[in-house]
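Read the figures in this text as sums done on the coordinates, not as results from a lab. Quantities reported herein were computed from a predicted structural model and do not represent experimental measurements. Methodologically, a virtual Cβ is constructed for each residue, glycine included, from the backbone with ideal geometry; neighbour enumeration extends over all protein chains shown.
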Amino acid sequence: MVCTTNKEFPGVMIAEVFESMEFTLLAELASGKHEFGDLARLVLNLRYNRMLERFYPRAGELRDKLDSTSSVISGSFVLEFALYHQTWRCNDLDIYTHKDKGDEWEAFLKEVGYVRKRKEENEEEGGGEPYFIATVKEIRTFVRTKPRGRISTVDVICADTRNVLRPIGSFWNSLVQNFATGHTFTFAYPRNTFSYRGHVTGMWRQDDRVPELVWKYLARGFSTATPISSPVFPDDFPAIRRTLTDCFSWSLDISNGKSGDDFEEQDSVLADEIVWFDGGVLLD
């Protein structure tokens, strides 16, 4: 438990209060010059480590590997971190990396007992979404049996482009269009995400898989708006170019408290311009 001292409150009491805080409040304290800013950042880092340790026993090494390979985590993991006190938990870790880093990640995961699944066992590769498949070289799925028979799963998505975030643009729902580096969390639609609302992006197309995902997130307490018109794909819709922080509109570095526009000043894997298609995030 994190402890600190204060003239008015015992350290343990303050620690309990901070541990019970929602991400948005901790982020506000962590990103400002609040007297408890350091404590807020410490709590966020401890949360991040605890979540990562469900998939890799040495969280610090995993965070370093994300940064050294210019890789990111996306999907339900980041959503769970943002809504930390919810009862549901993500059951796999999605790591997005460049195709040249696939072997490095495979060796890294095998060090702690992960085994790569055969391709035929991974039937949902690409999720049936054409643009996702077009931006991904391959998906490597690894599983590890933990004590008490629990199984952890890590998917390494090897992007076929120089920007590892480009596949995220084809995600069917804005709720999972978020990402984390070794120390930074960024959200494409923070206002909707923190209000448990999502919308189906322009990259969505109706197939057997999408309804299952809709029900999955409805069961977790989220609402999802469906598209008014028929789904569109990159060649069918004009692109509106915006800057990095216009599109991925809110971010927080949990190591130093930088947020918002400060994110542009950091050495980020997102140095490229982002393109929007009908509400879906795409990257050149």
Surpassing 22 Å at the alpha-carbon level, of the pairs Lys146/Lys216; Lys65/Lys137; Lys101/Lys146; Lys101/Lys258; Lys110/Lys146; Lys117/Lys146, are Lys146/Lys216; Lys101/Lys146; Lys101/Lys258
In nm, to one decimal, how far is the modelled label at Asp160 from the one at His85, with both set 7 Å along Cα→Cβ? 4.5
Quote the FRET efficiency, to the nearest 0.05, computed for Arg116 versus Arg50 with a Förster distance R0 of 25 Å and r equal to the Cβ-Cβ distance. 0.45
So, with points 7 Å from each Cα along the Cβ direction, the Glu138-Asp100 label distance in nm works out to 1.7
As a footprinting exposure proxy, order Val115, Val143, Val156 by other Cβ within 10 Å, with the fewest listed first. Val115, Val143, Val156
How large is the Rg to Rh ratio of the stretch 47-105 when both quantities use alpha carbon positions and Rh follows Kirkwood? 0.98
